[in-house]
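Enquirer: Sharing a structure here in structure tokens format.
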Amino acid sequence: MSVKLGFIGLGLMGKPMSTNLIKAGYKVTVWNRTSTHMQPLVEIGAQTAASPSEVASNSDITITIVSDSLDVEEVILGQNGVIYGAKPGSVVVDMSTISPTVTTKIASTLKESLIHMIDAPVSGGDTGAKGGTLSIMAGGDKEIFDRCLPIMNVMGSTVTYCGSNGMGQITKLVNQIVGLGTLAAMCEGLIFAAKSGADPEAVLNALSGGAANSWMVENQGAKIFERDFRPGFMVDLAQKDLRLVQEYASEINLPLITTPIVSQIYRTVQRLGGGRDGIQSYVKGLETLSGIKVNK
């Protein structure tokens, strides 16, 4: 395909996302801070670069997906960053989940160099990344979004245009409030069932057929019963997202009730050594507090 892509960040999400782009026929240049992560992509056809700047110099559209706001600022605006290699008229698509305020700042700085930006955070975990079924929430100029849409459709099955720069990040933070809050409620319900002598698995089956059903019930409930705490999305990253929610709520002077409580339970999980476990390990925090374990 004629559009040349760059991909920066080859972690749990970035590796399968870039793999899907290569398999779809795109020419992709990759960079990762830990260089060994690039080799599996090279084996299926990717080119490598020595820096984010070099990635951008070889790309029409440069995609970034790294951990936090400071990491995005570093790879885009820092020394040897994307901004120093990107051509005027090219596009940066940041698929990380970061501060909406930082996103709009980066977009403004790139615009001064005639570089476009789309913020396009994702939801769906590593399963969605591997299957190309992510939900992608995009903010930026609509014409630039439309230019990038075919590429996003390779990585996601639901791609939503959310408005101007920063609105993709706002939408993703809403997703985290609702999604992690739903997971927290499910875990609390299963603890309640176990403490009351009910069969939590029967309760979960009932939930899946009623109004309380959700993606979390369908995808995380069984993992809890199997004591499978492998990460599709890590606790540490969930905590980062919840921090971003609370920081932005403070910026706009908005009181939040549920999100800070969910964050505190995840902090308990982190204290138990579960920071790199999957988000379903929220139940471990409740088990510790209640003295009740949800068993299969």
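The values are calculated or read from the model by the stated rules, or taken from the named source; none is laboratory data. Remember, predicted model here, so these are calculated numbers, not experimental data. Using ideal geometry, Cβ is built from the backbone for each residue, glycine included, and neighbour counts are taken over all protein chains shown. The area values use the complete protein model at the heavy-atom level, side chains included, leaving out ligands, DNA and RNA. Shrake-Rupley method; radii C 1.70, N 1.55, O 1.52, S 1.80 Å.
Enquirer: With n ≥ 4 as the cut-off for DSSP H runs, can you work out [θ] at 222 nm for the chain, using -39500 (n - 2.57) per run divided by the number of residues, rounded to the nearest 500?
Expert: Computed mean residue ellipticity for the chain: -16000 deg cm²/dmol.
Enquirer: Related question: For residue 3, what accessible surface area do you get with a 1.4 Å probe? Give it in Å², rounded to 10.
Expert: 50 Å²
Enquirer: With the Cα gyration tensor of region 68-137 giving a ≥ b ≥ c as the square roots of its eigenvalues, does the rule (a/c under 1.5 for rounded; else a/b larger than b/c for prolate; else oblate) give rounded, prolate or oblate? Don't skip to the answer; put the middle values down first.
Expert: Details: a/c = 2.10, a/b = 1.83, b/c = 1.15.
Because a/c hits 1.5 or more and a/b exceeds b/c, region 68-137 counts as prolate.
Enquirer: Taking all pairs of different Cα atoms in region 89-189, averaging 1/r and flipping that mean, what Kirkwood radius in angstroms comes out?
Expert: It is 13.9 Å.
Enquirer: Here's something else I'd like to know. Diagonalise the Cα gyration tensor of the chain and give the resulting equivalent ellipsoid semi-axes, square root of 5 times each eigenvalue, largest first, whole Å.
Expert: In descending order, the three semi-axes are 36, 20, 17 Å.
Enquirer: With angles folded into 0 to 90 degrees, how steeply does helix 14-23 sit against the dominant principal axis of the chain? Use alpha carbons for both and round to 10.
Expert: 60 degrees
Enquirer: I'd like the Kirkwood hydrodynamic radius of region 49-96, using the inverse of the mean 1/r over distinct C-alpha pairs, in Å.
Expert: Hydrodynamic radius (Kirkwood, Cα only) of region 49-96 equals 10.3 Å.
Enquirer: Tell me the angle of helix 215-225 to the major Cα principal axis of the chain, expressed in degrees between 0 and 90 and rounded to the nearest ten.
Expert: On a 0 to 90 degree scale, this one is about 60.
Enquirer: Out of every Cα pair in region 169-266, what percent are spaced more than 23 Å from each other? Before the final figure, lay out the partial values.
Expert: Numbers: 1460 of 4753 pairs.
Taking all Cα-Cα pairs of region 169-266, the fraction more than 23 Å apart is 31 percent.
Enquirer: With a 1.4 Å probe and all protein chains left in place, how much of the accessible area of the chain comes from carbon and sulfur atoms, in whole percent? The partial results should precede the final answer.
Expert: On the way: 7070 of 13310 Å².
The nonpolar share, carbon plus sulfur, comes to 53 percent.
Enquirer: Quick one: dipole size for region 45-194, taken about the Cα centre, charges +1 on Lys/Arg Cβ and -1 on Asp/Glu Cβ, in debye to the nearest 20.
Expert: Details: 7 positive and 14 negative charges, 50 e Å.
Here region 45-194 has a charge dipole of around 240 debye.
Enquirer: Could you order 172, 142, 111 so the one with the most accessible surface comes first? Probe is 1.4 Å.
Expert: Details: 172 10, 142 95, 111 150 Å².
The ordering from most to least exposed comes out as 111, 142, 172.
Enquirer: I would also like to ask the following. Determine the dipole magnitude for the chain: charges of +1 sit on the beta-carbon of Lys and Arg, -1 on that of Asp and Glu, nothing else is charged, the reference point is the Cα centre, and the result goes in debye to the nearest 20.
Expert: Details: 24 positive and 26 negative charges, 85 e Å.
Dipole magnitude for the chain comes out near 400 debye.
Enquirer: What are the principal axis extents of the Cα atoms in region 1-104, in Å, biggest first?
Expert: 36, 29, 22
Enquirer: Then there's this: Residue 147 accessible area, nearest 10 Å², 1.4 Å probe?
Expert: Accessible area, nearest 10 Å²: 110 Å².
Enquirer: Still on this model: Dipole of region 81-133, Cα-centred, from +1 at each Lys and Arg C-beta and -1 at each Asp and Glu C-beta, to the nearest 20 debye?
Expert: Numbers: 4 positive and 4 negative charges, 21 e Å.
Value, rounded to 20: 100 debye.
Enquirer: For the chain, what is the relative contact order in percent, using Cα pairs closer than 8 Å and at least 6 residues apart in sequence?
Expert: Values: 550 pairs, mean separation 39.1, N = 296.
With pairs under 8 Å counted, the relative contact order is 13 percent.
Enquirer: Averaged across orientations, what area in nm² does the convex hull of the alpha carbons in region 243-294 project?
Expert: Numbers: hull surface 16.1 nm².
For the Cα atoms of region 243-294, the hull's average projected area reads 4.0 nm².
Enquirer: Exceeding 30 Å between C-alpha atoms, which entries from my cross-link table qualify? They are 27/142; 4/223; 142/223; 105/284; 15/105; 23/87.
Expert: Working: 27/142 24 Å; 4/223 39 Å; 142/223 39 Å; 105/284 38 Å; 15/105 27 Å; 23/87 26 Å.
Beyond 30 Å: 4/223; 142/223; 105/284.
Enquirer: Projecting each Cα onto the charge dipole of the chain (Lys/Arg +1, Asp/Glu -1 at the beta carbon, about the Cα centre), which of 127, 70, 185 comes out farthest on the positive side?
Expert: Working it through, the farthest residue towards the positive pole turns out to be 127.
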